[in-house]
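All remarks here apply to the structure that follows.
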Amino acid sequence: MAALVTCPLCEATCGLSVTIDDDAAGRRVTAVRGDADDVFSHGFICPKGASIGALHHDPDRLRTPLVRRDGELREASWDEAFAAIDAALPGIVAEHGRDAVAVYAGNPSVHNLATALYGPVFYKALGTKNFYTAGTVDQIPKHFSAGHMFGHGLTIPVADLDRTDHLLLLGANPLVSNGSLLTAPDMRGRLRALRERGGRFVVVDPKRSRTAEIADAHHAIRPGTDALLLFALVHVLFAENLVALGHLSAHVAGVEEVRAASAPFTPEAVAPATGLSAAAIRGMARELAAAERAAVYGRIGTTTQAFGTLASWLVDVLNVLTGNLDREGGAMFPLAAAGQANARAGRSRKGFATGRWRSRVRGLPEVMGELPIATLADEITTPGAGQVRALVTVAGNPCLSAPGSARLAEALAQLDFMVSVDIYLNETSRHADVVLPGPTPLERPHYDLVLYQLAVRNVANWTPAALPTDLPPEWQTFLRLTGIVSGLGPNADLAALDEFVAGEQAKRLGVDPALAAGRTGPERLLDLTLRAGPYDLTLADLEAAPHGVDLGPLRPRLPDVLGTASGKIELAPEPILADVPRLTAELTRPTDGLLLIGRRQLGSNNSWMHNLAPLVRGSNRCTMQLHPTDAARIGLTDGGLAQVSSRTGKIQILVEVTDAIRPGVVSIPHGWGHDLDGVRTAVATAHAGVNTNLLADDRLLDALSGTAVLNGIPVEVAPAG
Ligand SMILES: Nc1nc2c(c(=O)[nH]1)N[C@H]1C(S)=C(S)[C@@H](COP(=O)(O)OP(=O)(O)OC[C@H]3O[C@@H](n4cnc5c(=O)[nH]c(N)nc54)[C@H](O)[C@@H]3O)O[C@H]1N2
Ligand SMILES: Nc1nc2c(c(=O)[nH]1)N[C@H]1C(S)=C(S)[C@@H](COP(=O)(O)OP(=O)(O)OC[C@H]3O[C@@H](n4cnc5c(=O)[nH]c(N)nc54)[C@H](O)[C@@H]3O)O[C@H]1N2
Ligand code: SF4
Ligand SMILES: [Mo]
């Protein structure tokens, strides 16, 4: 039999065709191919998607809960696991308050309908201010800038890739990552098509990445200086009279403030810090302005850096000043079939607020309801009222993914109680007292509620579970946890709780809950959400279209998409301008010393797919790349061992000498370092690599958003031994 599933392993939402055969050992996945008839991905697949069967069959994957007894995590029944949680969590809340329990939700929780819809039910019932996610090692600066400019943190424009003539891409390597905050399966095909229709794309990256290799131009910028470059582009647009708001004129406030703010950032002024010539910068600006239809797109290299919010803001300032926002071939706002957060923005105009509360120890601001993961260790280890004493991690591995990970691991060891909702016993869940596993992507239904809101085409695709499972669905796990923290105990009536959740959802959406009669769990919530959506779809419509429903190319959405109090695009939000003086100081900072950046790899999914043999085959990928001139100066050779140190840590790592990287920069991938006691990931442990986040400094943050600096970390490098 062949099952059609939407791959939930990254943001590209590819359609897969999974062949499942019955044999003596039960049902086995025997082949995984791209679904040629998928309305969005047209057959595209990557090595991770091809490993979805290996993930399902991985013998190390957890199939029962684990409960710590006499210091050791042992297999337990579900009732034992929830009883153990009930015996600990409510007591901690009663004695120390709700903020004493922290939550960390990791990346896959966004790609999973159960955690995306029912995780928040639990988080809300828990009511803690100590809520953390992988967002503060990722995209929070973009929410910050988009929220202030457009009125909602999820009103993020996406490059209209299939129709643009000119794409300026900074700090992204979509040929490897397959795109982010830009849902677009087959990035290689789409970029090729751009060039075939006579368009150009330009990459700004300290490394000649795979994407840079096929680009029309590559500018090897010094890490962390994108905001300077972007400001200089803005400066040139004003200086050369190239600002052309066009259809946006009536919708923009703050143009003159941006002009004034850009004054110091001439191409000549930013050239030394960025490492790019003034002539090249002028050329980029002119080319952008001259293009018929253009889009600027920045990703992780521009967000997880010291000026992440300023850079994220300036990306969209350029989209506005060139008149490319909200028009075909420019940067547009998707309108998803379900859950589009800004679908009714124009009707509320509440504006966007951050810093509604602050972290206890370092006073760092909340953004999008979360606090910076870089300060979780502080909150656990600093005594006083409000100290974090318990932690629930959901589909996250902060011990490898967060900065200052040595300190974080020490802090987790001090907790009174920890629960991990996770499918593996890994670097983080090994600290837990109870581990609750969930079904694999093939054992659960799927619909990409979040990522369709960022897609280059409006599409909708429903995936029923392809395989049966003995594991309870994760939405029920969250309802049981909800019952526990609500004082209903570990055996609350799940059907009644679910009824309540659906009723609340229906109220919010303004639809009759009875419309989804006969459905429960995420199916019911999704059905209601689709019915309330802009396309008059139901879940039954999607069930009848296994290759997906194509709702067409992106369409202009101004001014209704705006939720700012003024009803305009706020081009110069005061909270963002307040950070410009910090950037000005960068103009004169010395540029010596080595800077560490990160990279992604086709066979990795952040920290967690290294236990699948097909994805770790071949030579050790966890290397430090550096330029031949730096290698010669330091005395390192390809294949040798280097010692890399920063304020927070010291590692030894294999050296890879390559002229793809800019001199003065070293690159190490994240998500490695699997050789720790107490993990149950035999393949990953045999391909351990080293954890680069031992070097990432939990004190280095983008000031406005609290997002960690994972690119541009000062390091020292020497031969090891
Ligand atoms: N130095 C450096 N660090 C980085 C980055 C970088 O570029 N450089 N990138 C950052 C980014 S962008 C991100 S998003 C973060 C990711 O950081 P995290 O989200 O903390 O880490 P992941 O590696 O995605 O870990 C996912 C966890 O979810 C579990 N899991 C997978 N599927 C499921 C499921 O269906 N249910 C449940 N319950 N669990 C599941 C896995 O076993 C794993 O433990 O890393 C960040 N860290
Ligand atoms: N195969 C694979 N795919 C993934 C993931 C994975 O782990 N593996 N992770 C997923 C996740 S969670 C995310 S968030 C996305 C991220 O998707 P992308 O943002 O495309 O991530 P990367 O591939 O890390 O590309 C970032 C690029 O930024 C460059 N860079 C580093 N510092 C700077 C800087 O200061 N300025 C500029 N201009 N560039 C810089 C790096 O050299 C690198 O080429 O990928 C997703 N897709
Ligand atoms: S690109 Fe992403 S969505 Fe597509 S197959 Fe690979 S992991 Fe899955
Ligand atoms: Mo991410």
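The values are calculated or read from the model by the stated rules, or taken from the named source; none is laboratory data. What you see is a predicted model; the values in this text were computed from it and never measured. Methodologically, a virtual Cβ is constructed for each residue, glycine included, from the backbone with ideal geometry; neighbour enumeration extends over all protein chains shown. The accessibility values were calculated without ligands, DNA or RNA, using every heavy atom of the protein model including side chains. Shrake-Rupley method; radii C 1.70, N 1.55, O 1.52, S 1.80 Å.
Restricting the first member to region 414-425 and to residues that are closer than 24 Å to D378 by Cβ and among the hydroxyl-bearing types (S, T, Y), and the second to residues that are assigned to a strand (DSSP E or B) and within 9 Å of ligand 1 (Cβ to nearest atom), the beta-carbon pairs closer than 7 Å and six or more apart or on different chains are S420/T393.
Of all residue pairs spaced 6 or more apart or on separate chains, those with beta-carbon atoms under 7 Å, a first member in region 388-400 that is assigned to a helix (DSSP H, G or I) and a second member that is hydrophobic (A, V, I, L, M, F, W, C) and within 16 Å of ligand 4 (Cβ to nearest atom) are P398/I373. Does region 369-377 contain at least one residue that is part of a loop (DSSP other than H, G, I, E, B), touching a residue at least 12 places away in the same chain (Cβ under 8 Å) and open to solvent by 40 Å² or more (accessible area, probe 1.4 Å)? Checked region 369-377: no residue is part of a loop (DSSP other than H, G, I, E, B), touching a residue at least 12 places away in the same chain (Cβ under 8 Å) and open to solvent by 40 Å² or more (accessible area, probe 1.4 Å).
Against the numbered list (1) crowded, with 17+ Cβ neighbours inside 10 Å; (2) polar (S, T, N, Q); (3) in contact with a helix residue (DSSP H, G or I) (Cβ under 6 Å, 6 or more places away or on another chain), T354 comes up short only at (3). Scanning region 475-503 for residues that are part of a helix (DSSP H, G or I) and either in contact with a Ser or Thr (Cβ under 6 Å, 6 or more places away or on another chain) or of a type in the set (G, A, S) (or both) yields a count of 6. Summed over region 335-384, residues that are farther than 22 Å from P120 by Cα, among the aliphatic types (A, V, I, L, M) and modelled with pLDDT under 95 total 0. As for region 221-233, it holds at least one residue that is closer than 20 Å to D138 by Cα, within 13 Å of ligand 2 (Cβ to nearest atom), among the acidic types (D, E) and outside any strand (DSSP E or B). Taking region 401-428 as the range and being in a loop (DSSP other than H, G, I, E, B) and closer than 22 Å to I85 by Cα as the test, the residues that pass are L415, D416, D422, I423, Y424, L425, N426, E427, T428. When the criteria are applied in full, T648 fails the requirement of being free of Cβ contacts under 8 Å to residues at least 60 places away in the same chain, polar (S, T, N, Q), closer than 29 Å to T681 by Cβ and surrounded by 15 or more Cβ atoms within 10 Å (Cβ to Cβ).
When we screen T707, T637, T692, T681 for residues that are surrounded by fewer than 21 Cβ atoms within 10 Å (Cβ to Cβ), modelled with pLDDT of 95 or more and of a type in the set (S, T, Y), the only hit is T637.
Only a single criterion out of (1) touching a Leu at 6+ places or on another chain (Cβ under 7 Å); (2) of a type in the set (A, V, I, L, M, F, W, C); (3) within 29 Å of D675 (Cα to Cα) is not satisfied by I484, namely (3). Look at (1) of a type outside the set (D, E, K, R); (2) at pLDDT below 95; (3) in contact with a helix residue (DSSP H, G or I) (Cβ under 7 Å, 6 or more places away or on another chain) and you find that G26 fails only one, number (3).
Flag: R163 does not match the condition of being more than 12 Å from ligand 2 (Cβ to nearest atom), on the phi < 0 side of the Ramachandran plot and free of Cβ contacts under 8 Å to residues at least 60 places away in the same chain. Is region 230-245 home to any residue that is within 16 Å of ligand 1 (Cβ to nearest atom) and open to solvent by 10 Å² or more (accessible area, probe 1.4 Å)? Within region 230-245, none of the residues are within 16 Å of ligand 1 (Cβ to nearest atom) and open to solvent by 10 Å² or more (accessible area, probe 1.4 Å).
Reported count of residues in region 54-90, each being away from ligand 2 (no atom under 16 Å from the Cβ) and within 24 Å of the chain's Cα centre (by Cα), is 2.
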